[in-house]
């Protein structure tokens with residue numbers, strides 16, 4: 001991400017101090033001295049991997065909120081019978097960051113620090129919960145904004161191309177992985193750690209979890225990243241990284257393992273946005289809106305600094321009666337229509353392209369069918385899921401220990417992943433239908449020509465924050 005792409009005069013502009021180090025210290029790194037954290041650092045160039053050292057990485061509150069919305073364990077298949085809860089899930093991911101982070105008010109772009117609510121009003125258990133959420137969010141942010149990877153997937157929910165037979169096996173594993181056919185290596189495994197005062201012991205635990213990726217877990221060449229985020233008394237992040245070369249797959253030729261394909265890239269993007277898809281699906285037609293942006297790559301762009309989007313909207317505003325529902329097909333090469341909806345009570349609007357909406361719908365159907373197939377084969381696993389016929393609370397089997405239940409849940413997810421994986425290629429057709437035919441709702445939603453929010457978008461994803469959003473409060477002066 002080029003540093004120049006960040007609108008440094010926007011209300012939500014931030015700088016995140018990041019210490020980058022090649023190699024993952026097996027015994028952890030000592031917490032850096034405050035003098036290393038507070039001094040100005042060289043500006044992040046956008047090139048990965050960088051030389052070792054400290055960097056001030058420009059970003060926005062929008063990017064951090066978007067990372068919080070997409071990272072972590074995927075509850076979407078279990079929310080599918082109650083999609084109205086998708087808004088609750090998004091609120092649970094976003095609100096803690098706004099409640100517990102603040103800025104010092106002395107700089108622009110701002111530097112984040114813990115809010116008084118976190119430092120003086122939160123119990124240790126609440127601080128621990130916040131550390132988990134922030135650690136996962138900042139790891140997603142590092143993956144997307146610094147390394148340039150797509151959104152991540154939780155290790156326990158699915159396996160990347162080339163995973164070994166023990167990917168879902170017993171023992172600790174790193175939190176997240178990402179795959180991208182356009183980079184080398186194409187597979188990345190990431191571990192998230194965070195704390196009020198990030199310790200050497202915490203980073204040592206993260207290093208051990210990444211070291212668990214032996215030949216039976218991930219035999220192909222891959223990147224490993226340990227991301228540690230500290231909250232007190234100024235937020236900073238440590239990024240340790242290394243590349244592991246290809247190793248012999250047990251019982252198979254590692255060189256013959258399949259490589260990541262563009263269809264896998266679309267699959268991972270759709271999976272990361274399933275919660276947003278469920279938000280849109282449950283919003284109701286009257287709450288949906290269409291917002292048009294200039295078509296571009298998956299690089300992040302901003303509404304206030306994107307002249308092509310501004311010109312596009314001026315053109316539409318001259319003939320709103322003509323362009324109210326569907327834009328001319330001849331515009332498709334330079335315009336993307338985003339299907340959007342507000343997240344109730346947050347001042348945030350989220351959405352996606354018509355093509356991605358159709359791809360998410362196809363993936364959701366595949367997930368639901370796979371869950372039903374697995375439960376039919378193993379009826380005792382029905383306790384791990386809810387369907388349209390079963391929306392009661394899911395209870396733990398009292399005859400089994402907590403460890404046994406966790407092992408069964410991992411087996412359940414592995415069985416679903418094995419069934420869903422072959423359907424990935426079908427998402428491309430669904431995406432293309434969405435691009436050609438629209439989002440498959442009753443009618444094309446009303447078009448908003450001049451959204452008042454701070455916008456961030458890629459070719460297929462969209463997020464906007466209202467200046468009056470309660471989730472923007474950490475950045476008000």
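Throughout, read-outs are computed from the coordinates displayed, never taken from laboratory work. These numbers come from a predicted model, not from an experiment. Counting neighbours? That spans all protein chains shown, and the Cβs are built from the backbone with ideal geometry, glycine included.
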Looking at the chain, what % of its DSSP beta bridges pair antiparallel, to the nearest 5?
-> 75 percent
Give the Kirkwood hydrodynamic radius (Å, one decimal) of segment 91-236, defined as one over the mean of 1/r across all pairs of different Cα atoms.
-> 16.3 Å
Antiparallel bridge percentage (DSSP; both residues within segment 3-260; nearest 5) = 60 percent
Overall dimensions of the chain by Cα: Rg and Dmax, Å = 22.1, 68
The convex hull of the Cα atoms of segment 150-195, divided by residue count, gives a volume in Å³ per residue of 88 Å³
Spatial separation of Cα centroids for segment 336-359 and segment 162-216, in angstrom | 31 Å
How are the Cα pair distances of segment 3-260 distributed, in percent, across 10 Å bins from 0?
-> 7, 30, 36, 21, 6, 1
Which order do the peptides 338-349, 315-326, 422-433, 141-152 take when ranked by the mean count of other beta-carbon atoms within 10 Å per residue, highest first?
-> 141-152, 338-349, 422-433, 315-326
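Counting helices only, and only those DSSP H runs with n ≥ 4, report the 222 nm mean residue ellipticity of the chain as the sum of -39,500 (n - 2.57) divided by its residues, in deg cm²/dmol to the nearest 500.
Helix contribution divided over all residues of the chain: -10500 deg cm²/dmol.
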Highest mean first, what order results for 181-187, 327-333, 271-277, 41-47 on Cβ atoms within 10 Å?
-> 271-277, 181-187, 41-47, 327-333
Alpha-carbon centroids, segment 404-477 and segment 13-35: separation in whole Å | 32 Å
